1. Determine, at each q value in 0.13, 0.14, 0.24 (inverse angstroms), the log₁₀ of I(q)/I(0) that the Debye formula gives when each Cα of the range B:412-485 is one equal point scatterer.
2. Sort the following peptides by mean Cβ neighbour count (other Cβ atoms within 10 Å, averaged over residues), highest first: A:234-245, A:190-201.
3. At q = 0.20 Å⁻¹, what base-10 log of I(q)/I(0) does the Debye formula yield for the range B:21-99 when every alpha carbon is treated as an equal point scatterer in vacuo?
4. Return the Rg/Rh value of the range B:367-431, two decimal places, where both radii are evaluated on C-alpha atoms and Rh is the Kirkwood radius.
5. In what sequence, highest mean first, do B:331-343, A:318-330, B:427-439 appear when ranked by Cβ atoms within 10 angstrom?
6. Per residue of A:85-98, what is the mean number of Cβ atoms on other protein chains within 10 angstrom of that residue's Cβ?
7. So what does the Cα-only Debye profile of the range A:265-403 read at q = 0.10 Å⁻¹, as log10 I(q)/I(0), no solvent term?
8. What number, rounded to the nearest 500 deg cm²/dmol, is the helix-based mean residue ellipticity at 222 nm of chain A, given -39500 (n - 2.57) per DSSP H run of at least four residues and division by all its residues?
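A short reminder: the numbers here are calculations on the coordinates, not readings from a lab. Everything numeric in this text was worked out from a predicted model, so none of it was measured. Positions of Cβ are backbone-derived with ideal geometry, glycine not excepted, and every protein chain shown enters the neighbour counts.
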């Protein structure tokens, strides 16, 4: 791969000179982007992306047409149901000695899948911060674009979209949505059997636990460094106390939990539950637009803030079309693509860009009229606790409530 | 001449090798992962293991026993009556409904906000669904119910295949008539004469039902317990985890399930050996119990359940918002069908792969049956059953590694090979009874009349066996259509089939889409079973 080697060397010799360099001392800047674009022309990019939503699939179809027209890059959406499949596939390829010509060129990823791929040397890079479009990423206002579930990104993936824990319910049945954990406990006491959360270690369920943990603790600094075993009980006492109070009032008296956030959404739609949980603040609006939820559904976040994170795009170490993948990712990070992605009419996934820093012409792309189901008043995003807390909390949860 | 004969005698090696070589390689790759001490220690230390394993065994045992009893009851009631031909046709249709589709449809009927609860709500005035676990119940009752609904037609269909053997049905009717002249009721005749002959020949399908009941994942995800789930579901989750240590723990759990299946099968054989004398003395003690005057119409129940499930799927596929306790959706949506139409390109891939792998399976099965004596089937059994007994994810891992090493990953050829490995055993199991039961005198007569073997096969044997051959082909076809993991892994996700499209969309939890694709997934095999049934009709005697 001569093209790859020369690019890499240039990346290392040219120091970062971007506005946010102070926050990104390890950011590489490629001054040979045109060469990457030239090499990308004619390449096919196998983009392995979760395909559980027709709207997302349709968005990727649009992106495919655009990158073909603009850069001569062919996009092939490899539809998957679980990103762990891709991790397994790339790892198997590495073990079988397939160091080039891999089957995956780009993967939609974050969290533990990213951690596994980064740790096991399955990723290509760093490339993310060298992309021209990266200059517009809001690394200051959205710190999770540089830290993925407490794992430093270090350019091994490029931020693509934002997520924040959000609740939604039918406004006719829940006229006064609970805007804090304390209110939620009270709500569930008054409506027994009508609230639950996805069973940890489901990603949404664990996030709910982290939300309760952060919200019930007045002092939070220790959650952002590794767990100290001796202090764990003291630091999490408020969490268990809250759950002990909440569980007897839950659906199935807290002896069973929803299988996933999607299952919980369906139960909410059918009337079995009153409140659903999501990580996409625009999910309810999307579902209303798709006629799967009534127009009376409203979304909200807890007033004091809810947990937020970012999802990313990465390139496996053995990708066949590394240049094509970078051109695609750079396009997906452009104001044009990000604005369309943020538009509820198409997808409704919040942008990673600093919209207020964009030139006026690009800024206009992001303006949008209100739609039923959107979060009326956004709350601040709370960063995820250090990764070591996830395991510790899940283990303790399973010990206390798991049997 | 003797060299030719020797070559003929060795011919069985060809189908055996073509089938076993990739399978053995895949099994080796798959199982070598599960032989890891740390993984086993980790598995045994997992607090969910005892309860999860108990649930797996419990649902497996209950579903196998109930399905077997129901199949016996249905065949006993219907065989020899004018209903029989119609019944075998409807059973074929039931088989065509994929497992997941049945699970989703049944869930829509049973769940607390489902059709049955809404019917009850009309009388009780419930405004919210009852907070009762009617699906995903902690004891796995809903899962057992679904397995019984799915496996009973499979067993009936296999029994029918046995009875379809040339002359077999008439022979049984003759035996029953003799029993009747001796004063035995029809039911006693079946229980004491027919089933003791027939059941041992259903050992392989019964084993498949047992293995499926213990290792089922897709149905358990929809209907099974969640807290904890069955061990098969846990193993599946671990095997698909991003973390490699978890994968090995999953492989160990999968191997543990396979061992349980094998132990269970051995126990069943032992019980049969030990219990035989007692049974024999009961059958021959000479009493004449009467048939129950009003036997339960099990088959009618079953058909009603299937109709309700398909109707439910059709309804939900266009229901947007369906709030409890309303009977009618608040919003309708054709979105799901539009999405399905938009992915019409996957139809040809699905059809092509299914035709190719069913053909491969059929050719292999016929080649094996033609080149070996019946007694050899026992020797082939471990290989034939490996793809059914070894949990899917484990074998897929092996097949995928094989594809990687041969460079066939991401290609249609690789998927075709993988599907054939799954389809061939089912085709063989479906075809063997009728094929082995073919009257050798007919073959001898044809040969004595100077017909060379190929002519005999082409003009005499295969036409006479066209019904079981067509049915076996349909089974292989259905197996290929239902493949998810093998299509996705070996094909590197690049060749979307109806099933991969259905499952990737289902991961978004959109119920109307799941229902639509479940129906589409059922449509292809259903058409194939219908075709097989048409082929099976006796030719007009003009």
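1. Ignoring solvent entirely, the Cα scatterers give -0.50, -0.56, -0.99.
2. On the way: A:234-245: 16.2, A:190-201: 20.5.
Ranking the peptides A:234-245, A:190-201 by packing returns A:190-201, A:234-245.
3. -0.98
4. On the way: Rg = 13.5 Å, Rh = 13.0 Å.
Rg/Rh: 1.04.
5. Numbers: B:331-343: 16.7, A:318-330: 25.6, B:427-439: 22.0.
Descending packing order for the listed peptides: A:318-330, B:427-439, B:331-343.
6. Numbers: counts 7, 3, 6, 10, 7, 0, 3, 8, 5, 0, 3, 9, 2, 4.
The per-residue average across the peptide is 5.
7. Per q value, in the given order, log10 I(q)/I(0) is -0.50.
8. Details: 14 runs with 159 residues, N = 403.
My calculation for chain A gives -12000 deg cm²/dmol from helical runs alone.
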